[in-house]
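**Student:** Here you go, one structure.
The values are calculated or read from the model by the stated rules, or taken from the named source; none is laboratory data. Note that the structure is a prediction, hence the values are computed from the model and not measured. A quick note on method: Cβ atoms are made from the backbone with ideal geometry, for glycine too, and the neighbour counts reach across all protein chains shown.
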C-alpha cells in the first residue's frame, strides 16, 4: 500500500509543480484540474502517513493490548477499523481525483481524438461496478447453491452442489 501511495503522491506532485509542455495538447493547469491534482496530492500524502502510522502501531503493540485497549468499546473498535482502513480509502480518493483531473484536461483540450480516447477509458471502467454488484447479490447465485446456503448457513458447499447444470 505504501508503494502505491508513494507513486500516486509523486505523480500528483509532478502535475502540481510543472507546466505542460504543450498547453493546447493537455491543459492540466486549468483551475479545476489543478484543484483536483492538489486534492490527489493531499489524499496520497495523508494515506501514506496514515499507513505508516498503522504499521508502526501494530508492530509496537501486542495482541492482548490491542484487544483490551483498541477494541474495549464499540466506539474504539469502530475508530480502530476506520484507522486501519483509511490508507486504502485515502489512496482510492487520491486516484479518483487524479483521474478526474486528467479526464477534464483531456476534454478541455478540444482535440477530438484525445476526447475519444478519454471516453473509451471511462467506458472501460464503467462495467466494473455493475459486475461487482451482480456478483455480490445472493439472487444471482444458482438456485441449488442458494438453497444449500439457506439450509446450512454456510458459504462453502460440497463440490456436487456448486454446478451450473440443471438436473
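**Student:** Can you work out which of the residues in segment 20-55 that are in contact (Cβ under 8 Å) with a residue 12 or more places away in the chain and part of a loop (DSSP other than H, G, I, E, B) is farthest from the chain's Cα centre (by Cα)?
**Tutor:** 24
**Student:** Mind checking whether some residue in segment 77-85 is part of a helix (DSSP H, G or I), over 20 Å from the mean Cα position of the chain (by Cα) and in contact (Cβ under 8 Å) with a residue 40 or more places away in the chain?
**Tutor:** No.
**Student:** Please go through segment 116-143 and pick out each residue that is modelled with pLDDT under 75, surrounded by 10 or more Cβ atoms within 10 Å (Cβ to Cβ) and part of a helix (DSSP H, G or I).
**Tutor:** If the condition is that a residue be modelled with pLDDT under 75, surrounded by 10 or more Cβ atoms within 10 Å (Cβ to Cβ) and part of a helix (DSSP H, G or I), then 140 is the only one that fits.
**Student:** Follow-up question, since we're still on this one. Can we say residue 60 is crowded, with 17+ Cβ neighbours inside 10 Å and either assigned by TED's automatic domain parsing to the domain that holds residue 110 or out of contact with any strand residue (DSSP E or B) (no Cβ under 9 Å at 6 or more places or on another chain) (or both)?
**Tutor:** The answer is no for residue 60.
**Student:** One residue is enough: does segment 117-130 have a residue meeting the conditions under 25 Å from the mean Cα position of the chain (by Cα), under 21 Å from residue 13 (Cα atoms) and in the same structural domain as residue 11 (by TED's automatic domain parsing)?
**Tutor:** There is no residue in segment 117-130 that is under 25 Å from the mean Cα position of the chain (by Cα), under 21 Å from residue 13 (Cα atoms) and in the same structural domain as residue 11 (by TED's automatic domain parsing).
**Student:** Among the numbered criteria (1) closer than 23 Å to residue 45 by Cα; (2) modelled with pLDDT under 90; (3) in contact with a helix residue (DSSP H, G or I) (Cβ under 6 Å, 6 or more places away or on another chain), which one does residue 106 miss?
**Tutor:** (1)
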